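Heads up, the thing below is written out as structure tokens.
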Amino acid sequence: MTEAAERAGQGRDPEAVSRFVEGFAAQLVEAGMQRMASRVFAALLASDPGSLTSAELGEQLRVSPAAVSGAVRYLAQQHMVSREREPGSRRERYRVHSDQWYEALTSREAVLKRWEAALREGVTSLGADTPAGRRMAETLAFFEFVEEEITTMMERWQVRREALFGPR
């Protein structure tokens, strides 16, 4: 068994792991994520330690280091993975955390705030009583609603997560 396969999950059927990684990655692609980023994310998620090096990812996914690098850059920008330096080494490990979904979703709050500010400006610039201004106002109201719902949903998730998996 290769080192990458061992890191993905000792004692597991490597073909079954590969099928899961590729299948889940395909679902992420269908939802709009980049293909290579989807594959890297799925591989990290399926690895027992939740972290792999670029070489391990490249070996497991049969891709070049450049492909892994671009995917990791995208995933880090989306707050879906983090980079960690191995102690005493120049190698970086890429880690997916158990709260990656929480972090990825809540990091969108800053984006929503910027969109809301732009939409408010649009309502003012276009005129609240014009058809375009009303469209902007409705879009603004939608994003404000989404932001409120995400905030309360994340609070509920923290309570539920602790009930299911215990305190951190």
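No lab work stands behind these numbers, since they all come straight from the coordinates. The structure displayed is predicted, hence computed values, not measured ones. We place every Cβ from the backbone using ideal geometry, glycine too, and count neighbours over all the protein chains shown.
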>> In segment 130-150, whose amide N lies under 15 Å from the spot 7 Å out along Cα-to-Cβ of Val111? List them in ranges.
In response: 143-144, 146-147, 150
> For helix 108-126, what angle does its Cα long axis make with the longest principal axis of the chain, in degrees from 0 to 90 and rounded to 10?
Replying inline: 30
> Does the chain come out rounded, prolate or oblate by the C-alpha gyration tensor, with a ≥ b ≥ c the root eigenvalues, rounded set by a/c under 1.5 and, if not, prolate when a/b is larger than b/c and oblate if not?
Replying inline: prolate
> Any idea what angle helix 65-77 forms with the longest principal axis of the chain, computed on alpha-carbon atoms, 0 to 90 degrees, nearest 10?
Replying inline: 40
> What is the gain in length, in nm to one decimal, between Glu138 and Ser64 on full extension, counting 0.36 nm per residue of separation less the C-alpha to C-alpha distance?
Replying inline: 22.1 nm
> Taking Cα atoms, how many degrees apart are the long axis of helix 14-30 and the longest axis of the chain, rounded to 10 and kept between 0 and 90?
Replying inline: 20
>> With the cut-off at 1.5 for a/c, could you classify segment 3-97 from its C-alpha gyration tensor as rounded, prolate or oblate?
In response: oblate
> If you plug each phi of segment 89-101 into the Karplus form 6.51 cos²θ - 1.76 cosθ + 1.60 with θ = phi - 60°, what whole-Hz ³J(HN,Hα) values come out, in order, with x for Gly and Pro?
Replying inline: 9, 8, 6, 9, 10, 10, 10, 9, 9, 5, 9, 4, 5
>> 5 Å is the cut-off here: which amide hydrogens, built 1.01 Å from N in the peptide plane, fall below it relative to Arg93, excluding neighbours closer than 5 in sequence?
In response: Glu84, Arg85, Glu86
